[in-house]
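What follows is one structure encoded as structure tokens, with my remarks underneath.
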Amino acid sequence: MVETKVLTESSVFGQIAEYQHEQVVFCHDHETGLKAIIGIHNTVLGPALGGTRMWHYTSEAEALNDVLRLSRGMTYKAAISGLNLGGGKAVIIGDAKTMKTEALLRKFGRFVQNLNGKYITAEDVNMTTKDMEYIRMETKHVSGLPESMGGSGDPSPVTAYGTYMGMKAAANKAFGSDSLAGKRVAVQGVGHVGTYLMEYLQKEGAQIVLCDYYEDRALEAAARFNARMVGLDEIYDQDVDIYSPCALGATLNDDTISRLKAQVVAGCANNQLANEDVHGPELARRGIIYAPDFLINAGGLINVCSEVQGGNRQSVMTQTERIYDITTQVLQKAEQEGSHPQAAATRQAEERIAAIGKVKSTY
Ligand code: NAD
């Protein structure tokens with residue numbers, strides 16, 4: 001997996017210090033074979049919330065780096081969205097197909113419970129609703145449960161709505177109008193969020209070019225959205241106004257940025273910039289308006305937050321709609337400061353954490 005912030009430290013505490021984590025918990029259980037790491041980045045604003053991912057990492061160092069990077073991203077996502085949540089994430093090391101058992105998941109749940117609510121988990125890569133139900137048997141600090149269990153349900157439609165809001169704000173900056181009618185949009189990855197996003201795009205009259213790793217999925221989406229399907233690598237060369245990464249991270253890198261013809265990049269994928277200190281400025285230098293990923297894909301977190309801290313569908317959608325205004329502010333700030341949007345968004349998140357930290361300094 002590709003880093004978005006290049007670490008210079010290799011020791012465990014060196015890495016923790018560099019990312020400025022509060023606490024990192026290594027969980028081990030001989031019986032079940034559980035090896036997990038819980039990264040709690042920052043809890044100034046509230047409990048650290050973020051999903052658990054199970055992945056067959058090639059090394060423990062890779063797993064540690066992944067959890068540190070992902071949990072830090074959750075801190076910024078919550079902070080910039082005005083949520084009273086901190087940033088956390090967990091990884092379970094192993095092959096989900098062969099190693100995931102009820103006992104392993106419940107053992108992991110007990111480690112989450114031991115943190116007494118400082119970390120709240122949720123679903124992430126290779127975890128299912130059923131897995132969450134097992135974890136829930138050992139701890140109440142689980143979110144993102146299905147609606148039938150009193151949870152907030154599938155976050156994807158809300159994530160798509162926020163991404164759409166961020167895309168419109170970025171379009172407004174680039175084209176002088178936030179209308180997407182007639183705009184050519186390249187959607188990379190037509191999974192859960194990508195599909196909901198294309199519903200908004202189609203409604204507004206955008207022309208869609210798309211690709212997906214699964215050809216049948218891409219073909220089906222192309223038929224449904226009257227879109228043109230292209231190959232996985234061809235997506236970067238399309239003559240479009242907007243490029244929307246909705247699949248994997250790190251797709252904005254040394255090889256791809258020079259190929260883009262789009263004036264706007266706005267998508268839901270996490271960690272789109274392979275190296276934020278290099279590729280954020282590079283996009284700005286080329287005059288491409290980049291809507292920061294952790295800002296415009298925060299709808300899912302806003303949805304989950306309502307489950308933990310209260311709220312209903314209407315308040316969730318209203319809060320998600322604010323992504324438009326926040327994106328506008330961030331783009332303006334980046335321009336004024338002569339920086340790039342990812343840096344401006346990160347700074348805005350850090351400023352809120354610092355300010356609220358001072359509010360809490362007295363009883
Ligand atoms: P998903 O798995 O449903 O969809 C991803 C799609 O991308 C799949 O159809 C997959 O086949 C495709 N894909 C994978 N590699 C590809 C490639 N190289 N080129 C083209 N397509 C490729 O996932 P999702 O829930 O829609 O999430 C999409 C992205 O948004 C992920 O990066 C995820 O981390 C991020 N995200 C999702 C949410 C959410 O609410 N689901 C919230 C925040 C961020």
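Considering the conditions (1) within 24 Å of ALA181 (Cα to Cα); (2) within 16 Å of the ligand (Cβ to nearest atom); (3) among the polar types (S, T, N, Q); (4) in a helix (DSSP H, G or I), GLN332 is excluded by exactly one of them, (2). Scanning the range 106-120 turns up no residue that is in contact with a Ser or Thr (Cβ under 8 Å, 6 or more places away or on another chain) and among the hydroxyl-bearing types (Ser, Thr, Tyr). Selection of the range 184-196 for residues being away from the ligand (no atom under 11 Å from the Cβ) and either in a helix (DSSP H, G or I) or surrounded by fewer than 23 Cβ atoms within 10 Å (Cβ to Cβ) (or both) yields only ARG184. Could you tell me whether SER152 is out of contact with any strand residue (DSSP E or B) (no Cβ under 7 Å at 6 or more places or on another chain), buried (at least 16 other Cβ atoms within 10 Å of the Cβ), at pLDDT below 95 and more than 17 Å from ILE323 (Cα to Cα)? Considered against the rule, which asks whether it is out of contact with any strand residue (DSSP E or B) (no Cβ under 7 Å at 6 or more places or on another chain), buried (at least 16 other Cβ atoms within 10 Å of the Cβ), at pLDDT below 95 and more than 17 Å from ILE323 (Cα to Cα), SER152 comes out as yes. Among the residues of the range 311-327, write down those that are surrounded by fewer than 24 Cβ atoms within 10 Å (Cβ to Cβ) and either touching a residue at least 40 places away in the same chain (Cβ under 8 Å) or assigned by TED's automatic domain parsing to the domain that holds ALA250 (or both). Passing the criteria: VAL316, MET317, GLN319, GLU321, ARG322, TYR324, ASP325, ILE326. In the range 95-129, which residue that is of a type in the set (Gly, Ala, Ser) and within 15 Å of the ligand (Cβ to nearest atom) is farthest from the chain's Cα centre (by Cα)? Applying the filter and picking the extreme gives ALA96. In the range 223-235, of all residues being assigned to a helix (DSSP H, G or I) and more than 10 Å from the ligand (Cβ to nearest atom), the one that is farthest from the chain's Cα centre (by Cα) corresponds to ALA223. Count of the range 125-140 residues, restricted to those that are in contact with a Leu (Cβ under 8 Å, 6 or more places away or on another chain) and either of a type in the set (Phe, Trp, Tyr) or closer than 21 Å to HIS56 by Cα (or both), is 5.
Residues in the range 47-64 that are crowded, with 18+ Cβ neighbours inside 10 Å and assigned to a loop (DSSP other than H, G, I, E, B): PRO47, GLY50, GLY51, TYR57. Are any residues in the range 60-91 closer than 18 Å to LEU273 by Cα and polar (S, T, N, Q), and if so, which ones? Once the filter is applied, which keeps residues that are closer than 18 Å to LEU273 by Cα and polar (S, T, N, Q), the range 60-91 yields ASN65, SER71, THR75.
Output the number of residues of the range 137-159 satisfying the condition of being near the ligand (Cβ under 8 Å from one of its atoms) and over 14 Å from GLY311 (Cβ atoms). Qualifying residue count for the region: 3. Does GLY14 count as free of Cβ contacts under 8 Å to residues at least 12 places away in the same chain and outside any loop (DSSP other than H, G, I, E, B)? The answer is yes for GLY14.
All of GLY287, GLY280, GLY267 fail the test of being in the same structural domain as GLY182 (by TED's automatic domain parsing), more than 15 Å from the ligand (Cβ to nearest atom) and within 21 Å of ALA79 (Cα to Cα), apart from GLY280.
For ALA169, are the conditions met, namely being buried (at least 20 other Cβ atoms within 10 Å of the Cβ) and assigned by TED's automatic domain parsing to the domain that holds ILE288? Here the answer is yes, as ALA169 does meet what is asked. Entry remark, the range 256-301: residues being assigned to a helix (DSSP H, G or I) and among the small types (Gly, Ala, Ser) number 5 in total.
Just one residue in the set VAL304, VAL308, VAL240 is assigned to a loop (DSSP other than H, G, I, E, B), crowded, with 21+ Cβ neighbours inside 10 Å and either within 14 Å of the ligand (Cβ to nearest atom) or in contact (Cβ under 8 Å) with a residue 24 or more places away in the chain (or both); that residue is VAL240.
Just to verify a result, which residue in the range 197-222, among those that are acidic (Asp, Glu) and out of contact with any helix residue (DSSP H, G or I) (no Cβ under 8 Å at 6 or more places or on another chain), is farthest from the ligand (Cβ to nearest atom)? In this case the residue turns out to be GLU204.
The values are calculated or read from the model by the stated rules, or taken from the named source; none is laboratory data. Everything numeric here is computed off the predicted structure, so don't read it as measured data. Neighbour counts are summed over all protein chains in view; Cβ atoms, including those assigned to glycine, are modelled from backbone coordinates with ideal geometry.
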